[in-house]
Amino acid sequence: MQLGSIFLLALLEGLASASVLALTACGLSLVFGIMRVVNVAHGEFFMLGAVLAWFTASLIPGPPALAFAVALVVCPLIVGAIAALADMLVLKRLNYEPEATIVATIGLLYILQQGALTVFGPNALPVPAPVDFRFQFPGFGYSGYKIAVIVAAVLLLLGLWLILTRTRIGLVMRATQIDRATARAFGINVDRVYAGVFAMGAGLAAIAAVLIVPIQQAHYLMGADPLLLSFSVVIIGGLGSLRGTVVAALLIGMVDQMIPIFMPVVFPAYGAWFTPTLAKIMATLVVALVLVFRPQGLFGKRAA
Amino acid sequence: MMLTLQSIEAGYGAVQVLRGLTFEVRPGEVLCLMGRNGAGKTTALRAIMGQVPVTAGSVVLDGTPVNTLPAHEVPKQGIGYVPQGRRLFGELTVAENIEIGLMTRGRDARVRERVLSIFPRLRERLDQMSRTLSGGEQQMLAIARALCLEPKVLLLDEPTEGLQPSMIALIRDTVVALKATGVTTVLVEQRVDAALSVADRIAFVTGGRVAETVPTAGLTTTSPQFATYVGV
């Protein structure tokens, strides 16, 4: 393969990785931005979306596309409902105190993880891709499904942005984010907004999981990686900043794929160095640098 | 609408601020709460809005207890609130702040137009972030946002604080105009001249309770109550 083709391949892999990461991380960022809750169970909502997608796919006979389409709609709704319930039963009772909610969501993490193990078992659970075609690029063919994932993620992120900036629900969410006491003085049911936001955040993670599960099998321990990567993304982008989250997801996604795919071709003498592990180290280094030199993140606002 | 606070006790955690606060505001009346810092004036308004827990006593609006409602239901009873320091949604535009006010009781474009006609300067700044407005414009917006509810009772917490004289006059004229339309108003004010120019009665608050309520007709700027309870 020529250098240009390898670059394009790395770019596409980076975009696919970044798009799913952006969706997951936007859920985490939304919850923190509006509720000031650091949701340590976010990765488990991702995992739950994936295993429920497998369960849905296994229940529905017929073409994989039909089962996948049902999973894409139903799984985020179920995960969102579970999250809303967790908000009302646990977080609300803690009055959304930052420290207490961290401990509570750690507890939620274990409940969801062990619940998935109990119900779905310890094995990796495959979900067939809804479409099976390849795009032919110069020098290589590329999964049509992965391109569909990129397009779907872009559309979903655009939809999220439109909801937040162009709808009444988004206006209510932004007002609640700015000042919840004053929001209540104007009739906004803050408890309902919080339950909705927590559900939406979890639902975004679940959508990302349903999109990724035909590429990466569902498993009850799969929540850790998206959680850690999402934290990296929101730290780099700025906690609560959706724009920053998307930019940081692109950065992390690109680093994650460019290093192991493209760099060994550019520097063949040092090819053995450019491993996926190095990509993870680089991402962690970026997080560390951001924390030291710009703790509010690239697009976050400095605390007053 | 008649608003009655009866033997209210309220505070912040272990700190009790209101200790048996009692007053009533008659329909269409402007009642001014005056007192030293920490006397409990702002806490009284926050207690009405459900923003601080009322541990004893009652807030009654035209016979309906309000203090048992969730905080977000209080404005839907027709109580508009202009908090101390304005508390605008600073990262929202002027238009969006007004929209939040309109949403509270499902009001429409007609109300929006009427509110903007009271404060035409806001119409010129609809797309501007509210945090970038001048102090006077921010106060206009805070009042406009509350008026979008078409309130029967309006709570104003130090609306003239930090404003230039022309803006103070505009806000005074607005309160007088609202009074003429029958809006019942509770005003927290530190400026004696401003209080005397708009209020029907002044309730002097000290130590979390009302020490004395006096019609403004019987008061001048040199009346001893101002020295005793306000320290001016």
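The values are calculated or read from the model by the stated rules, or taken from the named source; none is laboratory data. Keep in mind that what you see is a predicted model, and the values were worked out from it rather than measured. Using ideal geometry, Cβ is built from the backbone for each residue, glycine included, and neighbour counts are taken over all protein chains shown. Calculation scope for accessible area: heavy atoms of the full protein, side chains included, ligands and nucleic acids excluded. Shrake-Rupley method; radii C 1.70, N 1.55, O 1.52, S 1.80 Å.
Numbers for the structure displayed
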| read-out | value |
| --- | --- |
| Failed item in (1) away from chain A (no Cβ under 14 Å); (2) closer than 22 Å to B:M103 by Cα; (3) in a loop (DSSP other than H, G, I, E, B), with B:T221 passing the rest | (2) |
| Leading residue by the ranking (least open to solvent (accessible area, probe 1.4 Å)) among those in region B:87-116 that are under 11 Å from B:L141 (Cβ atoms) and of a type in the set (G, A, S) | B:G101 |
| Leading residue by the ranking (nearest to A:V247 (Cα to Cα)) among those in region A:11-47 that are open to solvent by 20 Å² or more (accessible area, probe 1.4 Å) and touching a Gly at 6+ places or on another chain (Cβ under 6 Å) | A:S17 |
| Enumeration of residues in region B:1-60 that are among the acidic types (D, E), more than 15 Å from the chain's Cα centre (by Cα) and under 26 Å from B:T104 (Cα atoms) | none |
| Positions within region B:61-86 being part of a loop (DSSP other than H, G, I, E, B), within 8 Å of chain A (Cβ to nearest Cβ) and open to solvent by 60 Å² or more (accessible area, probe 1.4 Å), in sequence order | B:P70 |
| For B:A195: the one exception among (1) surrounded by 20 or more Cβ atoms within 10 Å (Cβ to Cβ); (2) of a type in the set (A, V, I, L, M, F, W, C); (3) under 19 Å from B:I118 (Cβ atoms); (4) more than 14 Å from chain A (Cβ to nearest Cβ) | (3) |
| Members of region B:87-102 that are without any contact (Cβ under 8 Å) to a residue 40 or more places away in the chain, more than 7 Å from chain A (Cβ to nearest Cβ) and assigned to a helix (DSSP H, G or I) | B:A95 |
| The one condition in (1) open to solvent by 20 Å² or more (accessible area, probe 1.4 Å); (2) closer than 28 Å to B:V60 by Cα; (3) touching a Ser or Thr at 6+ places or on another chain (Cβ under 7 Å) that B:D157 fails to fulfil | (1) |
| Any chance A:D225 is among the acidic types (D, E), out of contact with any helix residue (DSSP H, G or I) (no Cβ under 7 Å at 6 or more places or on another chain) and more than 14 Å from chain B (Cβ to nearest Cβ) | yes |
| Those residues of region A:131-173 which are aromatic (F, W, Y), over 21 Å from the mean Cα position of the chain (by Cα) and open to solvent by 40 Å² or more (accessible area, probe 1.4 Å), in sequence order | A:F133, A:F135, A:F137 |
| Test: residue in region A:189-198 that is open to solvent by less than 10 Å² (accessible area, probe 1.4 Å), free of Cβ contacts under 8 Å to residues at least 40 places away in the same chain, under 30 Å from B:T43 (Cα atoms) and within 14 Å of another protein chain (Cβ to nearest Cβ) | yes |
| Region A:174-188 - residue that is at the interface with chain B (Cβ under 7 Å from one of its Cβ atoms) and among the aliphatic types (A, V, I, L, M) and, of those, surrounded by the most Cβ atoms within 10 Å (Cβ to Cβ) | A:A185 |
| Region B:160-182, subset assigned to a loop (DSSP other than H, G, I, E, B) and in contact (Cβ under 8 Å) with a residue 40 or more places away in the chain, residue farthest from the chain's Cα centre (by Cα) | B:G182 |
| Exclusive hit being open to solvent by less than 60 Å² (accessible area, probe 1.4 Å), more than 14 Å from chain A (Cβ to nearest Cβ), in contact (Cβ under 8 Å) with a residue 24 or more places away in the chain and under 24 Å from A:F186 (Cβ atoms), set B:L31, B:L21 | B:L31 |
| Hits in region B:34-60 (condition: open to solvent by 70 Å² or more (accessible area, probe 1.4 Å) and in contact with a Gly (Cβ under 7 Å, 6 or more places away or on another chain)) | B:R36 |
| Every pair of residues 6+ apart whose Cβ atoms lie under 6 Å, when the first sits in region A:105-130 and is part of a loop (DSSP other than H, G, I, E, B) while the second is of a type in the set (S, T, Y) and surrounded by 13 or more Cβ atoms within 10 Å (Cβ to Cβ) | A:A129/A:Y145 |
| Some residue of region A:176-192 being farther than 17 Å from B:N97 by Cβ, in a loop (DSSP other than H, G, I, E, B) and of a type in the set (A, V, I, L, M, F, W, C) | no |
| Test: B:T174 is out of contact with any strand residue (DSSP E or B) (no Cβ under 9 Å at 6 or more places or on another chain) and under 17 Å from B:L3 (Cβ atoms) | no |
| Among residues of region A:239-258, those that are of a type outside the set (S, T, Y) and not in a helix (DSSP H, G or I), counted | 2 |
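A quick yes/no check of all residues on (1) touching a residue at least 60 places away in the same chain (Cβ under 8 Å); (2) under 14 Å from the mean Cα position of the chain (by Cα); (3) open to solvent by 20 Å² or more (accessible area, probe 1.4 Å):
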residue: A:Y220; (1), (2), (3): yes, no, yes
residue: A:P226; (1), (2), (3): yes, yes, no
residue: A:S230; (1), (2), (3): yes, yes, no
residue: A:V233; (1), (2), (3): yes, yes, no
residue: A:T245; (1), (2), (3): yes, yes, no
residue: A:L250; (1), (2), (3): yes, yes, yes
residue: A:M254; (1), (2), (3): yes, no, yes
residue: A:M263; (1), (2), (3): no, no, yes
residue: A:K280; (1), (2), (3): no, no, yes
